[in-house]
Amino acid sequence: QVQLVESGGGLVQAGGSLRLSCAASGRTFTIYAMGWFRQAPGKEREFVAAIKWSGGSTYYADSVKGRFTISRDNAKNTVYLQMNSLKPEDTAVYYCALDTGPTFSDPNRWYKYDYWGQGTQVTVSS
């Protein structure tokens, strides 16, 4: 079974930055794409960003375009989310997710992903 472990969350002031990491491990598996979702209390799980593993095509929610950058290290099976110009509305638990493929046509759909991390809290104060 594949395990995903997020790290890098914390408390930051508005306008600040955080870098989240998510490392995948476990039995032999393939990564077709990985993504980040977030969920605030009482809110639906929201797509943030995704990256195709081969080629590195990226996808972003409109709310984070220009502020967040997703990247990956193929050798380490790790995906990152660099978050700049953070806003209070970015406060949420952030989850990384892994898609084993073979297709990746809807990066914003949470049910398209096969494995999920435990989540890491990001709190942005005003």
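Loop-located GluC sites (Glu not before Pro) in segment 1-100 (DSSP state other than H, G, I, E, B) with a sparse environment of at most 16 neighbouring Cβ atoms within 10 Å: 44.
Counting Lys +1, Arg +1, Asp -1, Glu -1, what net charge surrounds residue 82 among other residues with beta carbon under 10 Å of its beta carbon? Net of charged neighbours comes to +2.
Counting only residues at least eight positions apart within a chain, or on another chain, the lysines with an alpha carbon under 23 Å from that of residue 43 are 65, 87, 112. Taken one residue at a time, the phi angles of segment 113-126 give Karplus couplings (6.51, -1.76, 1.60, θ = phi - 60°) of 8, 9, 9, 9, x, 7, x, 9, 7, 10, 10, 10, 8, 8 Hz. Gly and Pro are set to x. Expressed as a whole percent, the accessible surface of the chain that belongs to carbon and sulfur atoms is 45, based on a 1.4 Å probe.
Solvent-accessible surface of the chain, averaged per residue with a 1.4 angstrom probe and all protein chains in place: 52 square angstrom. For the chain, the Kirkwood radius over C-alpha pairs fed into Stokes-Einstein at 20 °C and 1.002 mPa s yields D = 149 µm² per second. Placing dummy labels 7 Å off each Cα toward the beta-carbon, the span from residue 82 to residue 106 is 3.2 nm. Give me the net charge for the shell around residue 122: Cβ to Cβ below 12 angstrom, other residues only, Lys and Arg +1, Asp and Glu -1. Here the charged neighbours net out to 0. Within segment 1-58, the percentage of alpha carbon pairs spaced more than 12 angstrom apart rounds to 77%. Taking every DSSP beta bridge that has both ends in the chain, the antiparallel portion is near 90%.
For residue 76, the lysines whose Cα falls under 18 Å of its own Cα, not counting residues fewer than eight places away in the same chain, are 52.
The values are calculated or read from the model by the stated rules, or taken from the named source; none is laboratory data. Just so it is clear, the model here is predicted, and its values are computed rather than measured. When we count neighbours, we look across all protein chains shown, and the Cβ atoms used for this are built from the backbone with ideal geometry, even at glycine. All accessible areas refer to the heavy atoms of the entire protein, side chains included, with ligands and DNA or RNA removed. Shrake-Rupley method; radii C 1.70, N 1.55, O 1.52, S 1.80 Å.
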